[in-house]
Each structure stands twice: as structure tokens, then as C-alpha cells.
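The values are calculated or read from the model by the stated rules, or taken from the named source; none is laboratory data. Because the structure is predicted, anything quoted here is derived from the model rather than measured. Glycine also receives a Cβ, built like all others from the backbone with ideal geometry; neighbour counts cover every protein chain displayed.
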């Protein structure tokens, strides 16, 4: 029909045949994070625009080009969150959670960026976001990366590789930034328009350019790892020693700068060769200056964000996700009295056997049609109630898989008999 309303471009439905993989990824992450001592928080999807400008940086692509920003009826400039760290930090500050405390927190939910939609890059996308606040590291950096490595093993994902780098302190990065600006100004003629725009505001972002014509000049740029302050260099040495001790393979990528201004010292990224151009599946790093920048006391912190859509696709490609769980029992009934009895029987079974799944045929249909639905559901057994069964005070119990015989069960003792049948 021509008058159907379509979804917003870049914002996708997750349908029932896809949800089992999503639930597997999200539940696996939640269980693992709990085991490492992280607690879940939930923060608003909408924040004041100024939060992201101050946190992410006004000269980043996210703030300049990609945010969904609007003025509400009260005249406030609000933005759909493009990432979660700023909101998590804001929540910790505004709720007074940082007074001498150390936090290990996480959240999961949708983020929004007005990018060109393509496979693995959407305008509404989902992230698992993890933050460790109040830890100077590098021990927490090492553990956080070890957590992500363990997550891939639990998810059955093998095609991922770890890249690490250090961005140093704000001061060492300021000095490096001046070196970069001097270098790129000496090659101004070969800079593309984006790089020329970034040169004064955020020259480190030039190192992230994917323009093939820019790669030669980028390759000749000074390396940040060669201009670290002594403390950051020692931090990076300890990080690498810890990863080596845990036998976690990694590559040092001196061009890994991340797209957000708040990062300092450790940055890391897990990439894959299985998803085409959108190869980053989990990225993070340390942001020791952000909390002070947003009005809190100076507090060290580190975190990461994992792209759920991309990880779901990796799990699907690996064939690692469990199939959706079929019902244990499918209840079939015909006739008004039998339908009422079926609903009563199903509720009794759900109360007595809360770990079991019981589906009831709804909407009528003859026995043949109902058996087709029962078979399609994947149920192991059918419980059948008709006028004859009502008259005899029984329900018929029929295996739908294998060669077991049909038998009668007393409606008065149904939960106990079904429990026994399911455990045999």
C-alpha cells in the first residue's frame, strides 16, 4: 500500500526471528559484567546539548555533523545521546556518587547519530557501555581489556583483534598537537577539505582519515607514542606488561586516536575483518580529565562501548547463538468448555512449573490445524482437551517428537503428572 508509514532511514526494527541473538549477546555481557563487579545504571536518552559539546568536543564530527539536536517547548537545546559516557559521567556528578567513591557501572541502550546508513552503521544503534570511575590504573585498564577478551570467548567470537595506543596527558597531547599542525601545514596542498577544516581545531582527527589519497602524508606524520610524558610512557609500559602476562595478543597502533576529545593515555579498539568497512566492534579508553571538565572533582576513569548490532552479526556469522527456546507443552482444545479448561490447565502448569514454557492454542481451529501449529512451535508435547476428555476428567498427553505413546492424565492431578512426564 502506498500510504504505509516506513521506518526512519537508518533506524531498524529488530524482529522476533532476530531477537534470540540480541538477548544472548546482552545477557552474556550482563552476566560477565556482574561477575567483574559492575552494576547496571540507566540514564536518559536525551541530555542537554551542552553536555556533549563539552564532553565530546566541538570540533569532532559527532558534534559538528551527526547529533540529533532540537529545541524543546521550554526553549532548551536538547540532544539525543550520540554516546553514553557523557551521560554516565553527568549522572555520577549530578547524583553525588563521586564523593570519595569508586564506581564500576554499565548501561545498554540506543544511541543516535545522523550518519550515512550502511551495513554496520545506523542512525539509531545500540551499545553496551562500561565505565570504571575513580581508578588511576593501569591495573584497571588491563582488567577492562581482559573483560572484553573474555566476552568474545563467551560469545564464541574469534575474528577480532586488539589494537592499543596511548594519547598521553592533555599537556603532552597539546605539545604533540602543535607538532602535528606544523607538519600538516607543511603539506597543506595535499590535505583534503575535511583535514584542512580539522587542522586548527582537532588535528589528531586527521590521523583517522580514511581517504586513500591522504595515507602517504599521514604515514609521515610524527608519532604520538614518541612524544609521551614520562608518566604516560610508564603507564603504557605497565599496560603492555599486563596484557602480555595475561597472554592477550595486541598490536600497537600509533594512529589510533579515537574520535572523541575526552580520551587520555590508554585507548584501545577491537576490530574484525568479518564486517567489511565497519570493522570496529568495541572501543574505549581512559578519560582522566572529563569529570573535572564537566564540573566534578578531578577523577581518573576508563571505559568502553561495544556496538551491539556489529557483535550480533559476528555471533550470527560464527553460528554461536543458541536457537530460540521452543515451548515444552502446547495445549490444544476444541469447544467452549474445553477451551476454558485448557486455559485453567495452562495457568496451573505455569504456577507449578515456572521454569517450563507452556503455549495455548488461541483463536480456535480444528484439531488438525491446531496440531500443525503445535508442530510448528517446536513443542515437545501436546496436551489435548476436547469434549470427550472433559467428560472423563482427563487431558490427553501426546509426544510430538519421537515415538512415545499417547496417554491420559487426570485434570485433578495434572501438574504433578506433567512434571513427572517432563523429567522422565
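Inside the stretch 58-76, residues that are assigned to a loop (DSSP other than H, G, I, E, B) and either in contact with a helix residue (DSSP H, G or I) (Cβ under 8 Å, 6 or more places away or on another chain) or within 28 Å of residue 197 (Cβ to Cβ) (or both) make up a count of 4. Please go through the stretch 390-407 and pick out each residue that is touching a helix residue (DSSP H, G or I) at 6+ places or on another chain (Cβ under 7 Å), outside any loop (DSSP other than H, G, I, E, B) and over 10 Å from residue 332 (Cβ atoms). Those that are touching a helix residue (DSSP H, G or I) at 6+ places or on another chain (Cβ under 7 Å), outside any loop (DSSP other than H, G, I, E, B) and over 10 Å from residue 332 (Cβ atoms): 390, 394, 397. In this structure, residue 25 does not qualify as in the same structural domain as residue 109 (by TED's automatic domain parsing), buried (at least 16 other Cβ atoms within 10 Å of the Cβ), more than 22 Å from residue 157 (Cβ to Cβ) and touching a helix residue (DSSP H, G or I) at 6+ places or on another chain (Cβ under 6 Å).
Among the residues of the stretch 290-308, is there at least one that is over 30 Å from residue 232 (Cβ atoms), at pLDDT 95 or above and assigned by TED's automatic domain parsing to the domain that holds residue 248? Reasoning before the result, please.
Going through the stretch 290-308, the residues over 30 Å from residue 232 (Cβ atoms) turn out to be 308.
Okay, now just the ones that are also at pLDDT 95 or above, so 308.
Next cut, assigned by TED's automatic domain parsing to the domain that holds residue 248 only: 308.
For the stretch 290-308, residues over 30 Å from residue 232 (Cβ atoms), at pLDDT 95 or above and assigned by TED's automatic domain parsing to the domain that holds residue 248: present.
Using the structure shown, decide if residue 14 is touching a helix residue (DSSP H, G or I) at 6+ places or on another chain (Cβ under 7 Å) and not assigned by TED's automatic domain parsing to the domain that holds residue 147.
Working: touching a helix residue (DSSP H, G or I) at 6+ places or on another chain (Cβ under 7 Å): yes; not assigned by TED's automatic domain parsing to the domain that holds residue 147: yes.
For residue 14, the condition - touching a helix residue (DSSP H, G or I) at 6+ places or on another chain (Cβ under 7 Å) and not assigned by TED's automatic domain parsing to the domain that holds residue 147 - is met.
I'd like the full set of residues that are more than 18 Å from the chain's Cα centre (by Cα) and either crowded, with 20+ Cβ neighbours inside 10 Å or assigned to a loop (DSSP other than H, G, I, E, B) (or both), limited to the stretch 77-88. Matches in the stretch 77-88: 79 only. Residue 197 satisfies every condition listed in (1) touching a residue at least 12 places away in the same chain (Cβ under 8 Å); (2) surrounded by 14 or more Cβ atoms within 10 Å (Cβ to Cβ) except (1). Counting only helices (runs of 4 or more DSSP H) that fall entirely inside the stretch 252-369 and contain at least 3 residues that are without any contact (Cβ under 8 Å) to a residue 40 or more places away in the chain and farther than 30 Å from residue 82 by Cα, the qualifying elements are 336-352. Taking (1) in contact (Cβ under 8 Å) with a residue 40 or more places away in the chain; (2) under 12 Å from residue 112 (Cβ atoms); (3) touching a helix residue (DSSP H, G or I) at 6+ places or on another chain (Cβ under 6 Å); (4) surrounded by fewer than 19 Cβ atoms within 10 Å (Cβ to Cβ) in turn, residue 47 satisfies each apart from (4). A count restricted to the stretch 1-54 and to residues that are under 21 Å from the mean Cα position of the chain (by Cα) and not in a loop (DSSP other than H, G, I, E, B) stands at 22. Against the definition (surrounded by fewer than 14 Cβ atoms within 10 Å (Cβ to Cβ) and either in contact (Cβ under 8 Å) with a residue 12 or more places away in the chain or not in a helix (DSSP H, G or I) (or both)), how does residue 222 come out, yes or no? So residue 222 passes the test. The one condition from (1) farther than 30 Å from residue 117 by Cβ; (2) modelled with pLDDT under 95; (3) surrounded by fewer than 18 Cβ atoms within 10 Å (Cβ to Cβ) that residue 323 does not meet is (1).
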